[in-house]
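Trainee: Let me give you the structure first, and then I'll get to my questions.
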Amino acid sequence: EQMRIYRHDMRHYIAGVITLLKDGDAAEALKVLGDFDELNQKTVLPDYCDNPTVNAILAYYLQQAEDAEIQVEAECYVPLELPVGSAELAMVLANALENAIHACGKLSGEQEKSIAVRILHVPHLVLEVVNTYDGEVQFDNEGLPAAKESGHGIGTRSIAAFAEKYGAVIDYQADETMFRFRLLVNNS
């Protein structure tokens, strides 16, 4: 949606620059071009990995985290070709990151808020999301985090369905301040 608006507005910037140059006002035309370049930089997705679908999800959710003043770290090596569907892996990542952002959002202002994402693809596809949280989590009889609030927990079930479909292993761990989600998919 932002790209559609940007492309629409780009016509107006160009028309304005052309008019300014025709009127001989090069200084103002340069100022408009500078403003346009600044706007253009906001539309460029960060380059987290080579897989465009996974990269788009990383860019979206990590920007949400940064906007919420959460410290973000990402080390992601995701190729174009994967042993699983790119869109499905992206949804696993989206669910994990959304949960991490939600958990960090519950922390008080003076507590550290951080999310780290690591994805490797050799020798196996491994995804890890680690985040700070309030130190309170309960696991159900399947080892999945139990939702405390109504309407939550669907993302965790979606991740479990992905793991079942691809024979992946999921692991959740928590200590007093850090929550860790790991997913391992055999590449063969």
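The values are calculated or read from the model by the stated rules, or taken from the named source; none is laboratory data. Small disclaimer: the values here were computed from a predicted structure and weren't measured. In this analysis, Cβ positions are derived from the backbone assuming ideal geometry, glycine residues included, and neighbour counts consider all displayed protein chains. Heads up: the accessible areas ignore ligands, DNA and RNA and are worked out on the full protein's heavy atoms, side chains in. Shrake-Rupley method; radii C 1.70, N 1.55, O 1.52, S 1.80 Å.
Trainee: Considering only residues that are among the β-branched types (Val, Ile, Thr) and closer than 19 Å to residue 124 by Cβ, which ones fall in the stretch 71-99?
Mentor: So in the stretch 71-99, the residues among the β-branched types (Val, Ile, Thr) come out as 72, 78, 84, 92.
Within the stretch 71-99, 78, 84, 92 qualify.
Trainee: Another question, if that's okay. Does residue 128 qualify as being exposed (fewer than 14 other Cβ atoms within 10 Å of the Cβ) and of a type in the set (Asp, Glu)? If you could, list the steps in order and put the result at the bottom.
Mentor: Working: exposed (fewer than 14 other Cβ atoms within 10 Å of the Cβ): no; of a type in the set (Asp, Glu): yes.
No; evaluated as a whole, the condition is false for this residue.
Trainee: Looking at the stretch 168-177, which of its residues are at pLDDT 90 or above and open to solvent by 60 Å² or more (accessible area, probe 1.4 Å)? Walk me through it before giving the result.
Mentor: Of all residues in the stretch 168-177, those at pLDDT 90 or above come to 168-175, 177.
If the condition is that a residue be at pLDDT 90 or above and open to solvent by 60 Å² or more (accessible area, probe 1.4 Å), then 169, 173, 175, 177 are the ones that fit.
Trainee: Could you say which residue among 110, 66, 88, 81 is open to solvent by 50 Å² or more (accessible area, probe 1.4 Å), without any contact (Cβ under 8 Å) to a residue 24 or more places away in the chain, in a helix (DSSP H, G or I) and charged (D, E, K, R)?
Mentor: On the way: 110 fails: in a helix (DSSP H, G or I); 88 fails: without any contact (Cβ under 8 Å) to a residue 24 or more places away in the chain; 81 fails: in a helix (DSSP H, G or I).
Unique residue meeting the criteria: 66.
Trainee: For the stretch 140-153, state whether one or more residues are in contact (Cβ under 8 Å) with a residue 60 or more places away in the chain, open to solvent by less than 30 Å² (accessible area, probe 1.4 Å) and either on the phi < 0 side of the Ramachandran plot or among the aliphatic types (A, V, I, L, M) (or both). Steps first, please.
Mentor: The initial filter retains those residues of the stretch 140-153 that are in contact (Cβ under 8 Å) with a residue 60 or more places away in the chain, namely none.
The answer is no; no qualifying residue exists.
Each row is one residue, and each column tells you yes or no for (1) more than 19 Å from residue 159 (Cβ to Cβ); (2) touching a residue at least 60 places away in the same chain (Cβ under 8 Å); (3) surrounded by fewer than 16 Cβ atoms within 10 Å (Cβ to Cβ).
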{"position": "29", "(1), (2), (3)": "yes, no, no"}
{"position": "32", "(1), (2), (3)": "yes, no, no"}
{"position": "45", "(1), (2), (3)": "yes, no, yes"}
{"position": "72", "(1), (2), (3)": "yes, no, no"}
{"position": "106", "(1), (2), (3)": "yes, no, yes"}
{"position": "116", "(1), (2), (3)": "no, no, no"}
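Trainee: Which condition number in (1) farther than 23 Å from residue 76 by Cβ; (2) at pLDDT below 90 is the one that residue 164 fails?
Mentor: (2)
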